[in-house]
Amino acid sequence: MDQGEKIQEILSEIYNNTISEEVCPLLAFSELKKIEESVKQIKDEILELALEEREKYPEKELERHGFKISFAQSGKYSYKHIKEWIAKKKELTDIEDAAKGNLLAAQNGKAKTDKNGSMPEMAIYTSNKKSLKLTKSKK
């Protein structure tokens with residue numbers, strides 16, 4: 001059994017024990033969070049070694065260990081130095097803040113109307129899926 005199969009076995013055990021109500025779901029969720037953090041930390045720490053190993057192979061796409069492995073690099077453009085972009089971004093933020101404020105005021109029974117008696121445009125709020133937030137205790 002390789003390391004991946006051992007880890008999968010542990011994860012299956014956590015899942016099965018939770019579904020069968022042998023383990024508190026909050027405990028299981030907390031344990032999975034710890035595992036997730038450990039996996040991320042280890043991946044981050046060995047990334048440079050993995051990149052160096054990958055560079056040894058000239059193929060554009062390398063098949064190893066059940067995966068196709070290729071290089072990926074991302075980046076992003078910045079417009080923060082362009083005066084017109086800064087002004088338009090502020091204008092957009094002001095519109096968003098006003099629309100959000102209009103919605104919140106309406107929800108609190110304090111809706112405002114403009115000089116013509118019309119309701120101002122309001123933001124539309126869409127709730128995301130409910131989740132759990134875990135932060136480390138100080139204990």
Q.
Tell me whether region 49-56 contains one or more residues that are assigned to a helix (DSSP H, G or I), surrounded by 11 or more Cβ atoms within 10 Å (Cβ to Cβ) and touching a residue at least 60 places away in the same chain (Cβ under 8 Å).
A. no
Q: Give 114, 94 a once-over and let me know the one that is surrounded by 10 or more Cβ atoms within 10 Å (Cβ to Cβ) and either in a loop (DSSP other than H, G, I, E, B) or out of contact with any Lys or Arg (no Cβ under 9 Å at 6 or more places or on another chain) (or both).
A: 94
Q. Here are some residues: 127, 70. Which one is over 30 Å from residue 58 (Cα atoms), of a type in the set (Ser, Thr, Tyr) and without any contact (Cβ under 8 Å) to a residue 40 or more places away in the chain?
A. 127
Q | Unique match (being surrounded by 10 or more Cβ atoms within 10 Å (Cβ to Cβ) and not charged (D, E, K, R)) among 86, 124 | A | 86
Q. Do we have residue 23 as in a loop (DSSP other than H, G, I, E, B) and either surrounded by fewer than 11 Cβ atoms within 10 Å (Cβ to Cβ) or out of contact with any Leu (no Cβ under 6 Å at 6 or more places or on another chain) (or both) here?
A. yes
Q: Determine whether residue 137 is closer than 30 Å to residue 38 by Cβ, of a type in the set (Gly, Ala, Ser), at pLDDT below 90 and out of contact with any Ser or Thr (no Cβ under 9 Å at 6 or more places or on another chain).
A: yes
Q. With 46, 7 as the choices, which residue is of a type in the set (Val, Ile, Thr), modelled with pLDDT of 95 or more and part of a helix (DSSP H, G or I)?
A. 46
Q: Kindly list the number of the only condition in (1) touching a Lys or Arg at 6+ places or on another chain (Cβ under 8 Å); (2) surrounded by 11 or more Cβ atoms within 10 Å (Cβ to Cβ); (3) not basic (Lys, Arg) that fails for residue 18.
A: (1)
Q: Report whether or not residue 72 is of a type in the set (A, V, I, L, M, F, W, C) and under 30 Å from residue 133 (Cβ atoms).
A: yes
Q | From 78, 137, residue being loosely packed, with under 10 Cβ neighbours inside 10 Å and farther than 30 Å from residue 6 by Cβ | A | 78
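The values are calculated or read from the model by the stated rules, or taken from the named source; none is laboratory data. Every value quoted in this text rests on a predicted model; they were computed, and no experiment measured them. Neighbour counts are summed over all protein chains in view; Cβ atoms, including those assigned to glycine, are modelled from backbone coordinates with ideal geometry.
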